[in-house]
Amino acid sequence: MLVLSVIVFGFLNPNFATPNNLSLITQQVAVVGALAVGQTLIILTAGIDLSCGAIMVFSSMVMAKTAFDSGIPGWLAILLGLATGAAAGAANGLLVTKVRLPPFIVTLGTLNIFAALTLLYATGRTIRDTELATGLAWLGETFTIAEVRITTGVVVMLAMYAVFAFVLRYTAWGRHVYAVGDDAEAARLAGIQVRRVLMSVYIVAGVVFALTAWILIGRVNAASPNSGIDANLDSITAVVIGGTSLFGGRGTVLGSLIGALIVGVFRNGLTLAGLDVYYQTLAVGILIILAVSVDQWIRRARA
């Protein structure tokens, strides 16, 4: 009821539907929504990634600082950032598939590792707008639709959803992802290379998190070691609210997009209601528990 009340309040509040407010929500959703794409892939395999925000921030600093320090072109810095995300995802995947550690423990540990690497590499320095290489802030450029300013990053996020919705539904790899999440042992007996599928999911998710880093740079017009590192919780919330089961094997990326929109409206509604930022964090925590509780109830009802 709290969630519905806040969302309804947001839509009914005359300040909510202003072009500026709608522009702000779409830009906020771009980052969380893009992270939710990679998070959905991992949760579909019955895993979870607590390090996604740290991977995103680390990749953003690699993009910005390598270009700033060495003067390489922006496009090459972006490729290095994407490679960083892929390497981070591969590290998570190796620990899950080869060392056989639970994804929760692995990503809880790498969350701290990547956060520390970011601070060490950045030396606490923020690369600001005038210092960014050409192209790094391109996803922050805007165009107007019905008086609402839409960033290029929002378009890229929507394109990511379209691509992965197609891949998960119409390709063998997508069907294998669902099969591994539903029952890994049954998938193995059916001839699916479970470890290979899991490894590929973590690498692809790492690339998605790195691409989100590029969106983040455009969103804030800077690269900071402290920006968006806690976005992992919002991404998990968006995925679960969107109908993806934490136990794997059920859900869609398009549901995660709806979940990301709900999280964005929820936060904005709390802001419009004048709720203190600390209570907003409390409310989001409650929202996560409610979402997981609903997922558990649905699972028991289907059993």
(request) Scan (i) 19.0, 58; (ii) 19.9, 63; (iii) 19.9, 68 for the value of Rg and Dmax of the Cα atoms in Å calculated from this model and give just the label. (result) (i)
(request) Return the distance in nm (one decimal) between the two label points of a simple spin-label model at LEU94 and LEU24, each offset 7 Å from Cα along Cα→Cβ. (result) 4.4
(message) Using a 10 angstrom Cβ neighbour count of at most 16 plus a DSSP loop assignment to flag exposed trypsin sites (Lys or Arg not before Pro), which longest range of the chain is free of such sites?
(response) 129-303
(message) Compute, for the range 121-209, the length of the dipole vector about the Cα centre, with Cβ point charges of +1 (Lys, Arg) and -1 (Asp, Glu) only. Units Debye, rounded to 20.
(response) 280
(request) Between GLY191, GLY153, GLY242, find the one with the highest GNM mean-square fluctuation for the chain; connect C-alpha pairs within less than 10 Å. (result) GLY191
(message) Under a Cβ-only charge scheme (Lys and Arg +1, Asp and Glu -1), can you give me the dipole magnitude of the chain about the Cα centre, in debye to the nearest 20?
(response) 720
(request) Let me know the shape class of the range 163-217, please: from the alpha-carbon gyration tensor, a ≥ b ≥ c as square roots of the eigenvalues, rounded when a/c is under 1.5, otherwise prolate if a/b is greater than b/c, or oblate. (result) prolate
(request) Place +1 on the Cβ of every Lys and Arg and -1 on the Cβ of every Asp and Glu in the chain, take the dipole about the Cα centre, and give the residue among PRO73, TRP214, GLY38 whose Cα lies farthest towards its positive end. (result) GLY38
(message) Starting from the 7 Å offset along Cα-to-Cβ, what nm value, one decimal, do you get for the label separation of ARG196 and ASP129?
(response) 4.9
(request) Principal axes first, then extents: for the Cα atoms of the range 250-296, list largest minus smallest coordinate on each axis, whole Å, largest first. (result) 36, 20, 11
(message) Suppose the chain between ILE289 and ARG188 were pulled fully straight at 0.36 nm per residue; how much longer would it get relative to their current alpha carbon spacing?
(response) 33.1 nm
(request) With a ≥ b ≥ c taken as the square roots of the eigenvalues of the C-alpha gyration tensor of the range 192-303, please select rounded if a/c is under 1.5 and otherwise prolate if a/b is larger than b/c or oblate if it is not? (result) oblate
(request) Quick one: check the C-alpha center-to-center distance for the range 216-281 versus the range 159-190, whole angstrom. (result) 24
(message) Quick test of the membrane-span-like rule: which DSSP H helices of the chain reach at least 18 Å along their long axis (C-alpha atoms) with mean Kyte hydropathy at least 0.5?
(response) 19-44, 52-70, 74-97, 103-122, 152-170, 194-220, 253-272, 277-302
(message) Between the range 77-109 and the range 29-50, what is the separation of their alpha carbon centroids in Å?
(response) 14
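Any read-out appearing in this document is the output of simple, stated calculations on the displayed coordinates, not a laboratory observation. All values reported here derive from a predicted model rather than from experimental measurement. A quick note on method: Cβ atoms are made from the backbone with ideal geometry, for glycine too, and the neighbour counts reach across all protein chains shown.
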